[in-house]
Every structure is written in structure tokens, then in C-alpha cells.
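Report on the structure given below.
Each reported figure results from applying straightforward, stated rules to the coordinates on display, with no laboratory input. The structure displayed is predicted, hence computed values, not measured ones. Positions of Cβ are generated from backbone atoms using ideal geometry, with glycine treated the same way; all protein chains shown enter the neighbour counts.
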Amino acid sequence: MKTEIEVDNIKCNGCASSIKSGLKSFPGVTEVSVDIDTGKVGITHLENLMVVDLKNKLLIMGYPEKGSLKGLDKFAVNAKSYVSCVIGKISN
């Protein structure tokens, strides 16, 4: 099954690398693609995997579904995305 999720905070290849690593370690995920320009994450996964679980994993990593957060919640998640970005750059 293929799911596409548009997320906030994708800025560079470091972000894309972190997203790919984080989601590929998720049980049931077989392939991940990231379009930096559009902010879309394509995920190929087993049918029994819940999309909400994928969205929560992205949120924890600092990449919430586009438009899902506001105010202080958005600020805190933006900070997480910078950390994920740096980790993605270092691991490349």
C-alpha cells in the first residue's frame, strides 16, 4: 500500500535523510521517498499499518502533517525538526 503525507519543516537533504531513516525503521514500512520541494513523503507499507501511526512517527521526528499544528505546539515541533535535520546531515 502507498500513502502520501504532506508535512511541514522539510528544508534540505538532511531532513529527507532523517525522515527516510526514521520511517524505514518502522515495522511494516518497505520504502520511503521524500520530495523536498513539495514537502511530500511517500511511504510504501503493509496494508495493516495504520496511517495515523505513520503521522505520529513523523510528528515525533519534527515533521507534522501540513497545517496540523499552531502556536506553541508548532514552535516546539519546529525545534525538533532542526535537530532531526542536523542528525540527517551528520549521518550522510
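Data overview
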| quantity | calculated |
| --- | --- |
| Tabulated pairs, the stretch 47-75, first of a type in the set (Gly, Ala, Ser), second in a loop (DSSP other than H, G, I, E, B), C-beta under 7 angstrom, 6+ apart or interchain | Gly62/Asn9 |
| The stretch 1-56, residues that are more than 14 Å from Ser84 (Cα to Cα), surrounded by 15 or more Cβ atoms within 10 Å (Cβ to Cβ) and among the charged types (D, E, K, R) | Lys40, Lys55 |
| Count - residues of the stretch 13-43 that are of a type in the set (S, T, N, Q) and in contact (Cβ under 8 Å) with a residue 24 or more places away in the chain | 5 |
